[in-house]
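Enquirer: Attaching a single structure in structure tokens format; questions to follow.
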Protein chains: 2
Amino acid sequence: MKRCVITISRQCGSGGHTIGKTVAEHLGIPFYDKKLVQIVAERSGLSPETVEKQGEYHTPSLLYNIATGGYSAYASHQYSAENRQAMRLPDQINAYQTELIKELAEKGSCVIVGRCADSVLRDREDCFHVFIFGALQDRAERVVAEHGIDAKAAEGHVRERDKKRAAYYKHITDKVWGMSSNYDLCLNSSRLGIDRCVELILATAGAGTGS
Amino acid sequence: MKRCVITISRQCGSGGHTIGKTVAEHLGIPFYDKKLVQIVAERSGLSPETVEKQGEYHTPSLLYNIATGGYSAYASHQYSAENRQAMRLPDQINAYQTELIKELAEKGSCVIVGRCADSVLRDREDCFHVFIFGALQDRAERVVAEHGIDAKAAEGHVRERDKKRAAYYKHITDKVWGMSSNYDLCLNSSRLGIDRCVELILATAGAGTGS
């Protein structure tokens, strides 16, 4: 495969983490999900828990959006050190994440999960953007099996996390999370299965264009 | 391939028609795009031009939506002969289209382009739903090359048709056109190329599920 940064955006419980990890293993390239959180935590001095919670799931209030002029200050993914001081925590974390994602893409091929990486790297031609989604019931079953979430609460948990990811994505990018045109390839993991999703990404990412 | 009805939804100029036609040829199964329009025209007594224009691009007015209770009367895709008489032309055409799409899916494997077929056939497990999209510039170039649209007007033409398709889809299904979770596979034809889109559909549709 030629040099390629693969971003994986994913509905909660869709298997996107596993798919991204397996793709990275097949290609022998770095995989950034929790590792990205750890690096941001080290650089910012915040705890990994805070970075994880506020860096992808924070839902900005309407009042906050009005006061700051909404997404527009952040949509360009350009931040100065001075600006960062004046930001609220979720936007500070996003600034660190954005900076790191750009650095990682500059370094070489890798797989990056979540954190609006598709939008941060929108203008790079050596990136390939994937969205993984699936049926609500399957996703609920997966979070029960993999994360020990209570079965009765699982559907609610999945919906709530997706709602927050969508709100965060909207805040940062002013785009609709999960809208196919934001990505290069969108896969229904309930229909296709995890293994086939991996195969499809391996068959397409970095394979070049042409019609 | 086991029995499978493939629906292709597509942004204007994305090559979705060509992709669907090529997939159908490879599989030796019927292809419905203009043919669907012709059958609806024959059954309804309307001209093919009217069926095409009002059956996918009609944008219902806000007043009309309020007066009829919006999409809700049509979202179930259930129409009686009496109801149909009372409908406005675009909804009458949609009723004929819906009926025909269900008949075609019942008959056997085929490829159906557009006309909210993904939503009409949502509950059938033997259907596979694809969305094809691409970069605006590529799509504009394709409509210039394939349909002789004036180059200066091409981007506006493409945007306008997509806007109308999205509005029609919203009216009929109450869902967002192009939202990845409506489909099983979404492909960026600008990035992947027409040939690879065909290959990916052939490799996935009807291939069964499993993870």
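FYI, it's all coordinate maths here, none of it is from the lab. Computed from a predicted structure; not experimentally measured. No Cβ is skipped: glycine too gets one built from the backbone with ideal geometry, and neighbour counts run over all protein chains shown.
Enquirer: I'd like the full set of residues that are β-branched (Val, Ile, Thr), in contact (Cβ under 8 Å) with a residue 24 or more places away in the chain and surrounded by fewer than 24 Cβ atoms within 10 Å (Cβ to Cβ), limited to the stretch A:130-148.
Expert: Passing the criteria: only A:143.
Enquirer: When you look at residue B:120, is it surrounded by 15 or more Cβ atoms within 10 Å (Cβ to Cβ), among the β-branched types (Val, Ile, Thr) and away from every other protein chain (no Cβ under 11 Å), yes or no? Spell out how you get there, then give the answer.
Expert: Values: surrounded by 15 or more Cβ atoms within 10 Å (Cβ to Cβ): yes; among the β-branched types (Val, Ile, Thr): yes; away from every other protein chain (no Cβ under 11 Å): yes.
Criteria met by residue B:120.
Enquirer: Output the qualifying pairs, or none if there are none: Cβ atoms under 8 angstrom, residues six or more apart or on different chains, first residue in the stretch A:162-187 and more than 25 Å from residue A:199 (Cα to Cα), second residue among the charged types (D, E, K, R) and crowded, with 19+ Cβ neighbours inside 10 Å.
Expert: A:164/A:56; A:165/A:56; A:168/A:56
Enquirer: Next question, about the same structure. Are any of the residues in the stretch A:195-202 surrounded by fewer than 20 Cβ atoms within 10 Å (Cβ to Cβ), without any contact (Cβ under 8 Å) to a residue 40 or more places away in the chain and away from every other protein chain (no Cβ under 11 Å)?
Expert: no
Enquirer: If I ask for residues that are in a loop (DSSP other than H, G, I, E, B) and among the basic types (Lys, Arg), which ones from the stretch A:1-55 would you list?
Expert: From the stretch A:1-55, those in a loop (DSSP other than H, G, I, E, B) are A:1-4, A:11-15, A:28-30, A:33, A:45-47, A:55; that's our starting set.
Listed by number, the residues that qualify are A:2, A:3.
Enquirer: Separate question: Output the residues belonging to the stretch A:7-25 that are under 14 Å from residue A:36 (Cβ atoms), of a type in the set (A, V, I, L, M, F, W, C) and touching a helix residue (DSSP H, G or I) at 6+ places or on another chain (Cβ under 8 Å).
Expert: A:8
Enquirer: Of all the residues that make up the stretch A:115-128, how many are under 23 Å from residue A:51 (Cα atoms) and out of contact with any His (no Cβ under 9 Å at 6 or more places or on another chain)?
Expert: The qualifying residues number 1.
Enquirer: Which of the residues belonging to the stretch A:120-129 are touching a residue at least 40 places away in the same chain (Cβ under 8 Å) and more than 21 Å from residue A:202 (Cα to Cα)? Let's see the steps before the verdict.
Expert: First, pick out the residues of the stretch A:120-129 that are touching a residue at least 40 places away in the same chain (Cβ under 8 Å): A:120-121, A:124, A:126-129.
Matches in the stretch A:120-129: A:120 only.
Enquirer: Okay, moving on. With the requirement that a residue be among the basic types (Lys, Arg) and within 14 Å of chain B (Cβ to nearest Cβ), what does the stretch A:145-194 give you? Even if it seems obvious, please write down each step before you answer.
Expert: Just the residues of the stretch A:145-194 that are among the basic types (Lys, Arg), to begin with: A:152, A:159, A:161, A:163-165, A:170, A:175, A:191.
Selection gives A:159, A:163, A:165, A:170, A:175, A:191.
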